[in-house]
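Peer 1: Got a structure for you, questions after.
The values are calculated or read from the model by the stated rules, or taken from the named source; none is laboratory data. Here the structure is a predicted model, which means the values were calculated and not measured. A quick note on method: Cβ atoms are made from the backbone with ideal geometry, for glycine too, and the neighbour counts reach across all protein chains shown. Just so you know, the surface numbers come from the protein's heavy atoms only, side chains and all, with ligands and any DNA or RNA stripped out. Shrake-Rupley method; radii C 1.70, N 1.55, O 1.52, S 1.80 Å.
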Amino acid sequence: MRTRILTILAYTGAALTLVVAVCVPFVLMGAFSNAVAHAGLHIDAAYSGGTVARTIDRGRYTIVVYQPVEPRLLERIEPFVQIVFEPAESLPAHVSDEIDLDGDGRPDVRVSFNVPADANAPLRGDVTALNATYISLTNVAGESFSRMVVRAGKQIVVRIPLHEGPARR
Amino acid sequence: MASRSSALARPPAFRGVGRSILLTLPMALWSLLMFTPSFQHASGDHYIGAAAVILFMTGLFFLMMRTGETYRWRRIFFVALGFLFPVGFIAALVAERGTMSIPISRMVSGDTPFCFMVTPSIILPAAFARTVIFPGSILPTASNPHSIAIMIGLWFALTLVMGKAWCSYACFFGGIEEGFAALPKRRRLHRFITRFGAQLRLIPWAILVFVVLVSAAIFEPVYCMWLCPFKAVTEFPAVRNVETAIQMVVFIALFVGLVVVLPYLTKKRTQCGFFCPFGAFQSLFNKINLFEIRINREKCVDCGLCQTSCPTVALSKDSIREGKTLLNCMKCGACVDACKKDAAVWHLKGTPVAAKPERARLLFLYGTWALATMFGGSVLANGVHTLIGFLPLK
Amino acid sequence: MLGLATGPVCLATCGPVVVPWMLVQPQGLRGHSRQLFLFLAARLAGYLVFACAVWLVGSAIPHALPQAWTGRSWLMGAVQVLLAGALVVYAAGWSHRRCVVAKTTGNLVQIGEAPVVKRSGALALGFLTGINLCPPFLVAGVRAAQLAHLSAALWFFFCFFAGTAVWFFPFLSLGFLKRTPAIVTVARMVAVLLACWYGFSGISILIERTFHG
Ligand code: SF4
Ligand code: SF4
């Protein structure tokens, strides 16, 4: 008797598996993807740059300033702050901007780079720290996740490292 | 349904042509879905690719029906998948960014296609910090259609149906080593593998634990950054300092050692069996999958042929004595086809062992092959279409 | 505070160290919940002692180092190399001797001679893991060293302990329940892998500050 019931259950299960298989391309795959998409996940700030703090309008282009990103306990990155210049096509051939990163009304860094006309041409830039919180960079491209001036599609992404430890506010 | 009447000599044709065609018909109809827009871009080359793949997949299924053998027909598909996936993938990368390497700018803009191999590494940070430690994007974008949500959804859907059979019917990478393992006539190092099989089998679990824990600790996808042998045939972080250079060396060494040389020497899938942490992770889903391979103790003569034939050492003397395969069995069918006594059988959990092995095999194959056709098939079609593009007549 | 959030992290890094260690302790098989409490209590004690020490050191040389970061990275590097060494030793079977010792202890207890020994075994182990092995703990230690008051440092560590202990409970009992040879083997392999990792990461920190990316 028990074997019978088990057998029936097994075949029901097998049939269900087949039904699931048939449903995968039509509904299931999309449903699972939606579930993941709505799980409230976000990409780690070391890659994404974190959350936007403010945008600064410069007329032809905008500068998006992000919140500083602190490494987690054992994360192997320096703390940094990301800024994004966009759209890259509207930038002048040479950009040199003094930017207020913490929103206190005073500029914190000067970022300068040349914008090559060819989007795939290598890009290098300099960052001059105007106070002790930030670390200056010279002739930097994509050195690390905390130190970069790179072109990513329609954006120029700049990441400026911050001094570690209690020296910082 | 024909049953394996003769225990000693398998009949040359397991099933008549008519019956085989009949059984193949549903699969043939299903595979026509490959022509629908969700799988194909409407272009001539794509249709040619899809048509070729439909013929290929249905043909193989027919042969499975006709001969009653699973392993060697499946292997043809799987090896083709392993070799055509990089063709399509690399060609697309080179066309789009001119190189196989991922520059850091692509990582910060979330343009790295997601690979299912990362899945175990991202689970803990996703669960506890809601953070995905992968430089991709959650939702698909124009520049990165292989987003995290899409790929995980796909993986999970396939896993529900296949369980660990993923490693024989869906993984893009296993076919490469299966191809190299198929080449030589002789197996070498056989004694070594039998002697240390029990330990070797555990390495993927150790790597899995290591990868999961360290990834969660340092918030980096450790497997991708350091251990993936398949970077060598897909994409890898651009070398920009000592660390990325070391990573590069590791990738190449692992690929050459585990995916080319060792499979060639041992005729085993050494990377899958003795290294791949994702394979270990996938083994867990064998627990919830209804299909398995069992050894019918009433027929088994303990000759060990099945154990020798298993590409991932998923059988041991003890497990054969217990009539079972081990947790890492990926349902490739090699042992079933190798057993001369028809003792190794396909089995549906819950039913008596060896009562209706062919029915269990059919039920398993319909679900699994259907999905292999859809997803493996679309990868194949993409590869074929890429190759057509390389032809001088174009 | 930090504790609960870093719990998984701590678990992640210490777990593989602690669990195999626990697994080779046959005395833990019976009445292990009491053992676990003792273990954790000793861990807490270890933490608190360490907190005091660290705070003392931290307050003694608060500005001796020009950059806090340099000190931290050197410390981290050294600790990781040491840890790598410890793990290799462990994986190579040094723990076997511990196991034997523990067994003898267990026998002693069975003859009814000295239950104290048993208890002190767990206590010592807890204390050891409390002050010894865990790198996130040491990072936390370095952070605590930057705190102004001893009480703050103590509190910091208490929270850290509470947070991590929560994570340790299911983990440890799982380890006890599934005490099979395969898991011990896997644990050993993990130890070797972790040793490689810590060795590499420690050395790279010592040689130069390489960052991810
Ligand atoms: S090949 Fe067949 S008979 Fe030989 S040990 Fe395996 S199951 Fe038994
Ligand atoms: S036990 Fe059999 S079906 Fe499973 S992986 Fe080994 S050969 Fe393939």
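Peer 1: Is region B:350-369 home to any residue that is in contact with a Leu (Cβ under 9 Å, 6 or more places away or on another chain), within 8 Å of ligand 1 (Cβ to nearest atom) and at negative phi?
Peer 2: Checked region B:350-369: no residue is in contact with a Leu (Cβ under 9 Å, 6 or more places away or on another chain), within 8 Å of ligand 1 (Cβ to nearest atom) and at negative phi.
Peer 1: Can you name every residue in region B:328-337 that is out of contact with any strand residue (DSSP E or B) (no Cβ under 8 Å at 6 or more places or on another chain), within 6 Å of ligand 2 (Cβ to nearest atom) and in a helix (DSSP H, G or I)?
Peer 2: Selection gives B:Ala334 alone.
Peer 1: How about region A:1-64: which helices (runs of 4 or more DSSP H) wholly inside it have at least 1 residues that are touching a Lys or Arg at 6+ places or on another chain (Cβ under 7 Å) and open to solvent by less than 50 Å² (accessible area, probe 1.4 Å)?
Peer 2: Details: elements: A:2-23, A:29-37, A:45-48.
The qualifying helices (runs of 4 or more DSSP H) are A:2-23.
Peer 1: Follow-up. Suppose we keep only residues that are at the interface with chain A (Cβ under 8 Å from one of its Cβ atoms) and open to solvent by less than 30 Å² (accessible area, probe 1.4 Å) within region B:365-382. Which one would you say is farthest from B:Gly49 (Cα to Cα)? Give the steps one after another, and end with the answer.
Peer 2: Our first condition is that a residue be at the interface with chain A (Cβ under 8 Å from one of its Cβ atoms); within region B:365-382, this holds for B:366-368, B:370-371, B:374.
This time we only want the ones that are open to solvent by less than 30 Å² (accessible area, probe 1.4 Å), so: B:367-368, B:370-371, B:374.
Working: B:Gly367: 23, B:Thr368: 21, B:Ala370: 18, B:Leu371: 18, B:Met374: 13 Å.
Ranking the qualifying residues of region B:365-382, first place goes to B:Gly367.
Peer 1: Here's something else I'd like to know. State all residues of region A:60-108 that are under 19 Å from the mean Cα position of the chain (by Cα) and farther than 19 Å from A:Val127 by Cα; if no residue qualifies, say none.
Peer 2: A:Glu70, A:Pro71, A:Arg72, A:Glu75, A:Arg76, A:Pro87
Peer 1: Right, here's the next one. When region B:127-165 is examined, which residues are found to be more than 9 Å from chain A (Cβ to nearest Cβ) and more than 30 Å from A:Pro71 (Cβ to Cβ)?
Peer 2: Within region B:127-165, B:Ala142, B:Pro145, B:Thr159, B:Gly163, B:Lys164, B:Ala165 qualify.
Peer 1: Taking region B:162-190 only, how many residues are away from ligand 2 (no atom under 16 Å from the Cβ) and on the phi > 0 side of the Ramachandran plot?
Peer 2: Number of matching residues: 1.
Peer 1: Where residues in region B:286-298 are within 13 Å of chain A (Cβ to nearest Cβ) and more than 14 Å from ligand 2 (Cβ to nearest atom), which of them is farthest from A:Leu9 (Cα to Cα)?
Peer 2: In this case the residue turns out to be B:Ile288.
Peer 1: Still on this model: Which one is nearest to B:Met27 (Cα to Cα), of the residues in region B:350-361 that are open to solvent by 10 Å² or more (accessible area, probe 1.4 Å) and within 10 Å of chain A (Cβ to nearest Cβ)? Walk me through how you get there before you give the answer.
Peer 2: Keep residues of region B:350-361 that are open to solvent by 10 Å² or more (accessible area, probe 1.4 Å), which gives B:350-359.
Filter once more, so that each one left must be within 10 Å of chain A (Cβ to nearest Cβ): B:350-352, B:355-356, B:359.
Values: B:Gly350: 26, B:Thr351: 25, B:Pro352: 28, B:Ala355: 25, B:Lys356: 21, B:Arg359: 16 Å.
Selected residue: B:Arg359.
Peer 1: Also, I was wondering about something else. Considering B:Thr312, B:Thr325, which residue is farther than 21 Å from B:Phe78 by Cα and within 15 Å of ligand 2 (Cβ to nearest atom)?
Peer 2: B:Thr325
Peer 1: If you go through region B:296-316, how many residues are open to solvent by 60 Å² or more (accessible area, probe 1.4 Å) and either more than 10 Å from ligand 1 (Cβ to nearest atom) or in a helix (DSSP H, G or I) (or both)?
Peer 2: 2
Peer 1: Take the residues in region B:317-337 that are touching a residue at least 60 places away in the same chain (Cβ under 8 Å) and within 11 Å of ligand 1 (Cβ to nearest atom); name whichever of them is nearest to the other protein chains (Cβ to nearest Cβ).
Peer 2: Ranking the candidates gives B:Val336 first.
Peer 1: Just to be sure I understand, how many residues within region B:215-234 are more than 19 Å from the chain's Cα centre (by Cα) and over 19 Å from B:Thr270 (Cα atoms)?
Peer 2: As a first pass, look at region B:215-234 and keep what is more than 19 Å from the chain's Cα centre (by Cα): B:215-222, B:225-226.
Pick out the ones that are also over 19 Å from B:Thr270 (Cα atoms) and you get B:215-222, B:225.
Residues meeting the conditions: 9.
Peer 1: Something else: Can you name the condition, by its number, that B:Ala216 falls short on among (1) touching an Asp or Glu at 6+ places or on another chain (Cβ under 9 Å); (2) more than 16 Å from ligand 2 (Cβ to nearest atom)?
Peer 2: (1)
Peer 1: Further, regarding this structure: Any chance you could count how many residues in region B:195-214 are within 19 Å of the chain's Cα centre (by Cα) and assigned to a helix (DSSP H, G or I)?
Peer 2: 5
Peer 1: Run down A:Gly49, A:Gly40, A:Gly30 and say which single residue is within 14 Å of chain B (Cβ to nearest Cβ), on the phi > 0 side of the Ramachandran plot and in contact with a helix residue (DSSP H, G or I) (Cβ under 8 Å, 6 or more places away or on another chain).
Peer 2: Matching residue, one of A:Gly49, A:Gly40, A:Gly30: A:Gly49.
Peer 1: Restricting to helices (runs of 4 or more DSSP H) lying wholly in region B:53-147: which have 3 or more residues that are at pLDDT 95 or above and open to solvent by less than 30 Å² (accessible area, probe 1.4 Å)?
Peer 2: B:71-97
Peer 1: Something else now. Hey, could you check region B:213-256 for residues that are among the acidic types (Asp, Glu) and within 12 Å of chain C (Cβ to nearest Cβ) and say which is surrounded by the fewest Cβ atoms within 10 Å (Cβ to Cβ)? Quick ask: steps written out before the conclusion?
Peer 2: Of all residues in region B:213-256, those among the acidic types (Asp, Glu) come to B:220, B:235, B:243.
Filter again for within 12 Å of chain C (Cβ to nearest Cβ), leaving B:220, B:243.
Numbers: B:Glu220: 26, B:Glu243: 20.
Once the filter is applied, the top-ranked residue is B:Glu243.
Peer 1: Could you count how many residues in region B:176-194 are within 20 Å of B:Phe77 (Cα to Cα), out of contact with any Lys or Arg (no Cβ under 8 Å at 6 or more places or on another chain) and part of a helix (DSSP H, G or I)? Reasoning before the result, please.
Peer 2: The initial filter retains those residues of region B:176-194 that are within 20 Å of B:Phe77 (Cα to Cα), namely B:176-184.
Still in the list and also out of contact with any Lys or Arg (no Cβ under 8 Å at 6 or more places or on another chain): B:176, B:179-180, B:183.
With the extra rule that they be part of a helix (DSSP H, G or I), the set shrinks to B:176, B:179-180.
Selection size over region B:176-194: 3.
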